[in-house]
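Please read the structure below before turning to the comments.
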């Protein structure tokens with residue numbers, strides 16, 4: 001069994017958990033904050049659930065499926081959104097860091113959108 005290196009990235013959002021989770025489970029909401037969604041392929045989402053699980057799989061045009069664990073959790077009166085990024089096979093340090101930077105940019109976009 002081989003595991004992949006990973007990074008869990010997060011952002012605090014000063015909005016109630018129920019509002020954040022509802023937004024994140026609405027069809028098409030990711031296009032408002034996740035900058036790679038339109039070009040990276042199709043996405044299969046986890047069904048809405050009581051645990052804040054937002055896992056999804058990105059189906060890339062080349063046939064590769066990329067599993068993305070994501071959670072929304074209560075943080076006081078606000079919400080913490082956590083996104084786990086796995087280093088894909090053949091990905092060098094520079095690309096992995098660039099992907100992490102991209103995810104953080106998207107999470108900050110999400111924060112700005114929900115807090116405005």
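Below 8 Å, C-alpha to C-alpha, sequence gap of six or more: please give me the relative contact order for the chain in percent.
Result for the chain is 37 percent.
Per the helix-only calculation at 222 nm, which mean residue ellipticity applies to the chain, given -39500 (n - 2.57) for every DSSP H run of n ≥ 4 and division by its residues, nearest 500 deg cm²/dmol?
Theoretical 222 nm ellipticity from helices: -9000 deg cm²/dmol.
Gaussian network model of the chain, Cα springs within a sub-10 Å range: biggest mean-square fluctuation belongs to which of 52, 90, 28?
Greatest mean-square fluctuation among the candidates belongs to 90.
Give the Rg/Rh ratio for the range 53-96, taking Rg as the radius of gyration of the Cα atoms and Rh as the Kirkwood radius, to two decimals.
The Rg/Rh ratio comes out at 1.11.
Need one number: nm distance between label points at residue 62 and residue 3, each 7 Å from Cα along Cα→Cβ, rounded to one decimal.
Distance between the two pseudo-spin positions: 2.6 nm.
What does the extension gain come out to for residue 77 and residue 97, with contour length at 0.36 nm per residue minus their alpha carbon separation? Could the numbers behind the result be given before it?
Values: separation 20, 0.36 × 20 = 7.20 nm, distance 3.14 nm.
Stretched fully, the residue 77-residue 97 segment lengthens by 4.1 nm.
Using label points projected 7 Å from each Cα along Cα→Cβ, tell me how many nm separate residue 115 and residue 25, to one decimal.
Calculated label separation equals 2.5 nm.
Kirkwood Rh over alpha-carbon pairs of the chain, then Stokes-Einstein at 25 °C and 0.890 mPa s: what D in µm² s⁻¹, rounded to an integer?
On the way: Rh = 14.8 Å.
The calculation lands on 166 µm²/s.
Whole Å is fine, so just give me how far the alpha carbon centre of the range 86-116 lies from that of the range 1-76.
Centre-to-centre (Cα) distance: 12 Å.
Every number in this text was worked out from the coordinates using simple rules, so none of it is lab data. Remember, it's a predicted structure, so these values are computed and weren't measured experimentally. Cβ: placed from backbone, ideal geometry, glycine included. Neighbour counts: every protein chain shown.
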